[in-house]
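Data first, discussion second: the structure below is written as structure tokens.
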Amino acid sequence: MSPVLAGVLQLTALVAALALAYRPLGDHMAAVYNSPRHLRVEKVIYRCTGADADAEMRWPAYLRAVLAFSAAGVLFLYLLQRVQGGLPLSLGFESISPDQAFNTAASFVTNTNWQSYSGEQAMGHVVQTAGLAVQNFVSAATGMAVAIALVRGFARARTGDLGNFWADLVRGTVRVLLPIAVVGALVLVACGALQNFSGIHEVGQFMGGSQQTNGGAVASQEVIKELGTNGGGYFNANSAHPFENPGAFTNLFEIFLILVIPFALTRTFGKLVGNVKQGYAVLATMGVIWLGFTALMMWSEFAHGGPALQAAGAAMEGKETRFGVGSSAIFSVATTLTSTGAVDSFHSSFTAFGGGIQLLGMMLGEIAPGGVGSGLYGMLIMAIIAVFIAGLMVGRTPEYLGKKIGTREIKLAACFILITPALVLGFTAASTVLPDALASQLNTKALGAGAHGFSEVLYAFTSGANNNGSAFAGLNADTPWYNSTIGLAMLLGRFLPMVFVLALAGSLAEQKPIPETAGTLRTEKPLFAGLLVGTILIITGLTYFPALALGPLAEGLS
């Protein structure tokens with residue numbers, strides 16, 4: 001079987017698995033967030049935390065709850081790392097330095113999971129399980145809660161109420177993420193993934209000698225790392241490490257975990273607004289972009305342009321022989337079009353145009369299908385921009401799902417789409433002129449040109465501000481400058497957009513629904529899906545093309 005055919009068959013199997021899970025999972029999540037009852041375990045959690053899960057919240061209260069919970073998470077995870085040296089099961093590792101502890105705490109609480117450290121050489125079992133793994137669950141549940149709040153803004157009328165953050169957080173964790181994670185962890189363990197609390201020990205090598213390695217609760221963290229679109233690996237090699245990702249089946253299974261909830265949330269959206277066709281329109285938009293990017297990536301990597309790659313027969317540098325070019329291409333698109341950040345190959349070693357596709361996937365806002373929760377609310381913001389553009393073309397006040405898109409709504413949507421590019425381009429520009437930041441571009445001189453070094457910096461801040469977490473990895477990001485600035489980019493890139501999303505949700509929830517007329521734009525039709533795809537690509541292109549031209553495009557054409 002040719003590598004190209006193998007890649008196409010894997011993609012076909014993945015699409016079939018996602019299609020089978022789409023309806024039942026989407027309906028389940030709609031029932032979870034619409035349920036009038038609390039489970040017994042949920043009542044215990046509310047009692048222990050003092051939360052009133054039945055109290056409706058307007059958008060300022062919902063936002064305060066999100067920010068307070070996330071701030072507490074950053075503080076707890078920071079302190080846990082700072083005292084690691086005195087904790088049991090620390091494996092002899094020292095406490096984490098202040099700048100790296102801040103960077104890691106910000107990373108995992110914002111669902112980014114950017115790692116400027118080697119997991120097996122820095123983090124003990126307590127930090128990994130009680131700190132990082134817990135944040136993998138609750139940061140994902142936070143994103144889902146904000147998305148559901150925006151959906152309620154469309155579904156509710158003249159109330160301003162968006163539900164209860166604490167109930168949404170707990171339900172998303174207990175009823176959605178935990179059950180799937182338990183089953184997924186068992187699958188990974190059965191396939192050979194590691195799950196223990198062993199210490200450091202010597203392991204023999206095939207070519208003689210030995211190396212040190214340590215165990216850990218790898219399978220249980222691996223599954224929520226993918227399912228919650230987090231991405232932080234137990235080991236430095238991430239999902240390329242055989243303890244995390246033993247073989248071809250687990251690799252495809254992990255891609256499925258990355259995509260299943262973001263895609264299924266479009267069904268949840270349709271159910272909650274009372275029109276599943278609206279969910280299908282958003283799904284179609286996400287699917288077209290995802291399949292298009294996957295096809296471009298596979299073409300770019302299988303074409304293996306250049307004499308060295310042609311002599312080798314494939315663009316296999318930096319890719320696992322267990323997975324090959326096709327599977328690595330599918331994984332890389334899945335991880336950069338969502339806010340996952342997990343990698344099963346070395347992104348910096350992809351072809352120049354392949355690296356550009358990865359960058360562009362994150363620059364879209366990671367909305368196809370995007371992160372857990374963040375992908376849906378990002379796509380709905382883009383839908384609002386699209387109906388606004390359509391309204392300008394026909395001279396009609398734009399409306400979406402029976403709600404007018406007025407001056408306030410479009411200003412909030414505009415702020416949402418502008419904040420991330422401002423962070424990415426601003427920090428990238430600063431890093432290209434400061435001597436200490438330039439010194440971190442380790443392989444620029446070796447490549448003989450600055451295009452790839454610029455791409456490394458651009459990728460780092462694109463990944464951080466978009467809460468992705470993957471890296472080109474030729475950049476030494478474990479410095480005070482990058483730990484601090486990427487940490488700020490992650491925090492601002494996560495929570496400032498949430499401010500605008502929740503303010504928009506509150507504004508929509510206060511409106512009275514508008515009945516459809518003959519002039520209403522049918523947003524459940526293929527025409528609107530096409531308009532939405534075009535809007536996303538044009539906005540992203542106009543924003544980032546100059547930066548892409550200086551990085552991957554310049555490298556690919558040189």
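The values are calculated or read from the model by the stated rules, or taken from the named source; none is laboratory data. Predicted model, so just to flag it, every value in this text is computed and none were measured. All Cβ positions, glycine included, derive from the backbone under ideal geometry; neighbour counts span all protein chains shown. Side chains are part of the model used for accessible areas, which takes the heavy atoms of the whole protein and leaves out ligands, DNA and RNA. Shrake-Rupley method; radii C 1.70, N 1.55, O 1.52, S 1.80 Å.
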Query - Test for Ala315: is it surrounded by 23 or more Cβ atoms within 10 Å (Cβ to Cβ), modelled with pLDDT of 85 or more and in contact with a helix residue (DSSP H, G or I) (Cβ under 9 Å, 6 or more places away or on another chain) - result: no
Requested in this report: State whether the residues of the stretch 78-91 include one that is modelled with pLDDT of 95 or more, aromatic (Phe, Trp, Tyr) and more than 15 Å from Thr142 (Cβ to Cβ).
Outcome: yes
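Yes/no matrix, rows are residues, columns are (1) under 25 Å from Leu492 (Cβ atoms); (2) aliphatic (A, V, I, L, M); (3) in contact (Cβ under 8 Å) with a residue 24 or more places away in the chain:
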| residue | (1), (2), (3) |
| --- | --- |
| Ser95 | no, no, no |
| Thr104 | yes, no, yes |
| Asn111 | yes, no, yes |
| Gln128 | no, no, yes |
Report task. Could you look through the stretch 181-194, keep only residues that are in contact with a helix residue (DSSP H, G or I) (Cβ under 7 Å, 6 or more places away or on another chain) and open to solvent by 50 Å² or more (accessible area, probe 1.4 Å), and pick out the one that is farthest from Leu67 (Cα to Cα)? Result -> Cys191
Report task. Would you be able to tell me the number of residues in the stretch 99-143 that are open to solvent by 10 Å² or more (accessible area, probe 1.4 Å), farther than 17 Å from Gly228 by Cβ and either in a helix (DSSP H, G or I) or acidic (Asp, Glu) (or both)? Result -> 7
Report task. Would you check if there is a residue in the stretch 447-467 being over 26 Å from Phe69 (Cβ atoms), among the charged types (D, E, K, R) and open to solvent by 10 Å² or more (accessible area, probe 1.4 Å)? Result -> no
Report task. Specify the residue that is modelled with the highest pLDDT; the eligible residues are those in the stretch 531-558 that are open to solvent by 20 Å² or more (accessible area, probe 1.4 Å) and small (Gly, Ala, Ser). Result -> Gly534
Query raised in the report: Gly153 passes all but one of (1) under 23 Å from the mean Cα position of the chain (by Cα); (2) surrounded by 23 or more Cβ atoms within 10 Å (Cβ to Cβ); which number fails?
Result: (1)
Query raised in the report: Looking only at residues in the stretch 400-410 that are of a type outside the set (A, V, I, L, M) and touching a helix residue (DSSP H, G or I) at 6+ places or on another chain (Cβ under 7 Å), which one is surrounded by the fewest Cβ atoms within 10 Å (Cβ to Cβ)?
Result: Arg408
Report task. Taking the residues in the stretch 82-98 that are touching a Phe, Trp or Tyr at 6+ places or on another chain (Cβ under 9 Å) and not β-branched (Val, Ile, Thr) as candidates, determine which candidate is surrounded by the most Cβ atoms within 10 Å (Cβ to Cβ). Result -> Gln84
Query raised in the report: Does the stretch 365-379 contain any residue that is in contact (Cβ under 8 Å) with a residue 40 or more places away in the chain and surrounded by fewer than 19 Cβ atoms within 10 Å (Cβ to Cβ)?
Result: no
Query raised in the report: What number of residues in the stretch 478-506 are of a type in the set (S, T, N, Q) and buried (at least 19 other Cβ atoms within 10 Å of the Cβ)?
Result: 2
Query - Check on Ala352, out of contact with any Lys or Arg (no Cβ under 6 Å at 6 or more places or on another chain) and open to solvent by less than 10 Å² (accessible area, probe 1.4 Å) - result: no
Report task. Among residues belonging to the stretch 456-490 that are among the polar types (S, T, N, Q) and over 20 Å from the mean Cα position of the chain (by Cα), point out the one that is modelled with the lowest pLDDT. Result -> Asn476
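For (1) of a type in the set (S, T, N, Q); (2) farther than 30 Å from Met297 by Cβ; (3) in contact (Cβ under 8 Å) with a residue 12 or more places away in the chain; (4) assigned to a helix (DSSP H, G or I), each residue gets a yes or a no:
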| site | (1), (2), (3), (4) |
| --- | --- |
| Leu9 | no, no, no, yes |
| Ala21 | no, no, yes, yes |
| His38 | no, yes, yes, no |
| Val74 | no, yes, yes, yes |
Query raised in the report: Does the stretch 50-60 contain any residue that is exposed (fewer than 13 other Cβ atoms within 10 Å of the Cβ), under 22 Å from Ser139 (Cβ atoms), of a type outside the set (D, E, K, R) and without any contact (Cβ under 8 Å) to a residue 60 or more places away in the chain?
Result: yes
Report summary line: Apart from one, (1) open to solvent by 20 Å² or more (accessible area, probe 1.4 Å); (2) in a helix (DSSP H, G or I); (3) touching a residue at least 12 places away in the same chain (Cβ under 8 Å) all hold for Ala413; the odd one out is (1)
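Yes/no matrix, rows are residues, columns are (1) modelled with pLDDT of 95 or more; (2) within 24 Å of Tyr22 (Cβ to Cβ); (3) aliphatic (A, V, I, L, M); (4) touching a helix residue (DSSP H, G or I) at 6+ places or on another chain (Cβ under 7 Å):
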{"site": "Ala145", "(1), (2), (3), (4)": "yes, yes, yes, yes"}
{"site": "Arg152", "(1), (2), (3), (4)": "yes, yes, no, yes"}
{"site": "Arg158", "(1), (2), (3), (4)": "no, no, no, no"}
{"site": "Asn164", "(1), (2), (3), (4)": "yes, no, no, no"}
{"site": "Asp168", "(1), (2), (3), (4)": "yes, yes, no, yes"}
{"site": "Gly172", "(1), (2), (3), (4)": "yes, yes, no, yes"}
{"site": "Val176", "(1), (2), (3), (4)": "yes, yes, yes, yes"}
{"site": "Pro179", "(1), (2), (3), (4)": "yes, yes, no, no"}
Report summary line: Over the stretch 383-399, the set of residues open to solvent by less than 40 Å² (accessible area, probe 1.4 Å) and assigned to a loop (DSSP other than H, G, I, E, B) is Pro398
